[in-house]
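Reviewing the structure listed below.
Nothing in this text is a laboratory measurement; each read-out follows from the coordinates by a stated rule. Nothing here was measured: the structure is a model prediction, and the numbers come from that model. Note that we place each Cβ from the backbone using ideal geometry, even for glycine, and neighbour counts take in every protein chain shown.
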Amino acid sequence: MPAKWADRFLAYVTDAPGGCWQWTGYLMPNGYARITVDGERQYAHRLSYEVFVASIPDGLVIDHLCRNRGCVNPSHLDAVTQRVNVLRGESHAAARAQQVACIRGHPFDTANTYVAGNGTRKSRRCRAAARDRARRRQGVTRVPA
């Protein structure tokens, strides 16, 4: 990035609590900062990482360690896989991944965990109990193997 672009970039930055460099330019509705460079729209946090840290390796995304989408402080940015980015976040998927037991308290360990085709985890004990309840509702008796 030429020096004139770096000066323009920094003109849109203000200090914020927690050491964030808050973007004062355009913020998209989802909270991410955006800038236009040479007619091309770019995420400002990605540009900040590339200018002040290094190029972003293929297959990686930039994670805001401060959880502030409008922050462009390169020391608050980390190049990680999409999976790591999601798991570090505050989403429903991140919360589910951090669970160590099902809602009935059965542990998510190797012996008791079934991973469904869509990647969700189920307790084998709960799954077997649900199948038994369904069979009883349908009037089907289970034949031992």
* Label-to-label distance, nm, for residues given as Thr81 and Asn118 (7 Å Cα→Cβ offset) -> 2.2
* Asked: Taking the Cα centre of the chain as origin and charging only Cβ (+1 Lys, Arg; -1 Asp, Glu), how large is the dipole, in debye to the nearest 20?
  -> 1680
* Whole-number percent relative contact order across the range 71-145, with pairs defined as alpha carbons under 8 Å at least 6 apart -> 13
* **the range 1-97: relative contact order as a whole-number percent, Cα under 8 Å and 6+ apart** => 22
* **Computed FRET value (nearest 0.05) for Ala97 with Val140, which takes r as the C-beta separation and R₀ as 35 Å** => 0.50
* **Alpha-carbon radius of gyration plus Dmax, which is the widest Cα pair, for the range 99-139 in Å** => 11.3, 35
* Asked: Once you measure Cβ to Cβ distances between cysteines in the chain, which Cys have no partner under 4.7 Å?
  -> Cys66, Cys102, Cys126
* Mean Cα-pair separation over length for the range 99-139, i.e. relative contact order, pairs under 8 Å, 6 or more apart, % -> 27
* Per DSSP H run of at least 4 residues, take -39500 (n - 2.57); add these up for the chain, divide by its residues and hand me the 222 nm value, nearest 500 deg cm²/dmol. => -9000 deg cm²/dmol
* Cα Rg over Rh - the chain, Kirkwood -> 1.24
